[in-house]
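Comments concern the structure below.
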Amino acid sequence: MSEPEDEPFVSTDVLEESGRYTVVMDVVFPDGAVRHRLQTYHTRSRAEAAAKMFYRTAEREAPPGWGMR
């Protein structure tokens, strides 16, 4: 079993870019981080709803030891 500090940390966020709202997913590993730009939306509420869905999907499909449960 891996140590808790060795598990990746996953989060989603909504950023405003040029009048649109972008959903990003950050994955932080012990040796670095990756930011995935997922999708853009016209409204913040749609972007926030999508960010929640992306996170729930990642949580459901995460391999054991990813610290999402």
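Phe29 meets the conditions (1) at pLDDT 80 or above; (2) of a type in the set (A, V, I, L, M, F, W, C); (3) touching a strand residue (DSSP E or B) at 6+ places or on another chain (Cβ under 7 Å) in every case but one. The failed one is (3). Considered as a group, the residues in the stretch 8-39 that are surrounded by 11 or more Cβ atoms within 10 Å (Cβ to Cβ) and assigned to a loop (DSSP other than H, G, I, E, B) include one that is farthest from the chain's Cα centre (by Cα), and that residue is Pro30.
Give the residue that is nearest to Pro8 (Cα to Cα), with candidates limited to residues of the stretch 40-56 that are hydroxyl-bearing (Ser, Thr, Tyr) and exposed (fewer than 12 other Cβ atoms within 10 Å of the Cβ). Break it down stepwise before answering.
In the first step, residues of the stretch 40-56 are kept if they are hydroxyl-bearing (Ser, Thr, Tyr); the result is 40-41, 43, 45, 55.
This time we only want the ones that are exposed (fewer than 12 other Cβ atoms within 10 Å of the Cβ), so: 43, 45.
On the way: Thr43: 30, Ser45: 28 Å.
So the residue we want is Ser45.
The residue pairs whose first member lies in the stretch 39-63 and is more than 12 Å from Met25 (Cβ to Cβ), whose second member is of a type in the set (D, E, K, R) and assigned to a strand (DSSP E or B), and whose beta carbons are closer than 7 Å, counting only pairs six or more residues apart or on different chains, are Thr40/Arg20; Tyr41/Arg20; His42/Arg20.
The values are calculated or read from the model by the stated rules, or taken from the named source; none is laboratory data. Model, not experiment: these values are computed from the prediction. Neighbour counts are summed over all protein chains in view; Cβ atoms, including those assigned to glycine, are modelled from backbone coordinates with ideal geometry.
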